[in-house]
1. Is segment 49-143 best put as rounded, prolate or oblate by its Cα gyration tensor, with a ≥ b ≥ c the root eigenvalues, rounded for a/c under 1.5, and otherwise prolate when a/b is larger than b/c, oblate when not?
2. Using the Karplus curve 6.51 cos²θ - 1.76 cosθ + 1.60 with θ = phi - 60°, what ³J(HN,Hα) values do you get for each residue of segment 24-29, in whole Hz, with x for Gly and Pro?
3. Per residue of segment 135-151, in order, report the coupling 6.51 cos²θ - 1.76 cosθ + 1.60 (Karplus, θ = phi - 60°) as ³J(HN,Hα) in whole Hz, putting x for Gly and Pro.
4. Only one of the listed values, (i) 21, 18, 17; (ii) 34, 20, 17; (iii) 45, 14, 11, was derived from the coordinates as semi-axes √(5λ) of the Cα gyration tensor in Å; which label is it?
5. Order of 49-62, 3-16 by packing, highest average Cβ count within 10 Å first?
6. Starting from the Cα-Cα distance between GLU63 and GLU14, subtract it from 0.36 nm times their residue separation and give me the gain in nm to one decimal.
7. By per-residue mean of other Cβ atoms within 10 Å, what is the highest-first order of 70-79, 84-93?
8. Using a Cα-Cα cut-off of under 16 Å, which lysines could be cross-linked to LYS151, ignoring same-chain neighbours fewer than 8 residues away?
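FYI, it's all coordinate maths here, none of it is from the lab. Given the structure is predicted, the values throughout are model-derived calculations rather than measurements. Quick reminder, even Gly has a Cβ in these numbers, built from the backbone with ideal geometry, and neighbours come from all protein chains shown.
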Amino acid sequence: MKILVFSDSHGSKETMIKVVKKIGKSVDMILHLGDLATDLPRTIIPEKIPIEYVRGNCDKTSEIPVTKSISVQEGRANVFMTHGHLYNVKYDSDKIVYAAFEQQADICVFGHTHSPAVFKEENTLFLNPGSISLPRGTKFPTYGILDIETKIRAAVVEVRPEGIYRIISDLS
């Protein structure tokens, strides 16, 4: 199973649309981690691909949850989704790590910092895909890929203006 992960689009849909058009047919699910969760237009995504959202600190709707736990790959992995602002992720990872452990997550995905990160704590894999529109810590927008097969693998991919997508971080 391959999962495409976006965060922090802030009203800029063009790069997300470009990524979905390029790799959308090869993914099984799409996650958006907020700011702005409603930026991802359903019209460009094949109907068979489920989309899961969480609300960020800039999302104005209360209809989207702030956190969500989903089971993927027929129960093989539990994914804890959050934007990250409630866990002070701009300062350290302690609270998000504790929250993921409380949720018994195999994978924790979060955003808010606009800076990509992939790390592992005990048996939990953490992925912050950075920002698809306003990157920090990298010159170009980034998104995440979760690959759940025999092992759980996470990668952050950089989107270059010339259309070159380059992996900048990878961990399993």
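1. rounded
2. x, 6, 9, 10, 9, 7
3. x, 10, x, 8, 6, 10, x, 9, 9, x, 10, 10, 10, 10, 10, 6, 10
4. (i)
5. So the order, starting with the most tightly packed, is 3-16, 49-62.
6. 15.2 nm
7. Result, highest mean Cβ count within 10 Å first: 84-93, 70-79.
8. Cross-link targets: LYS2, LYS120.
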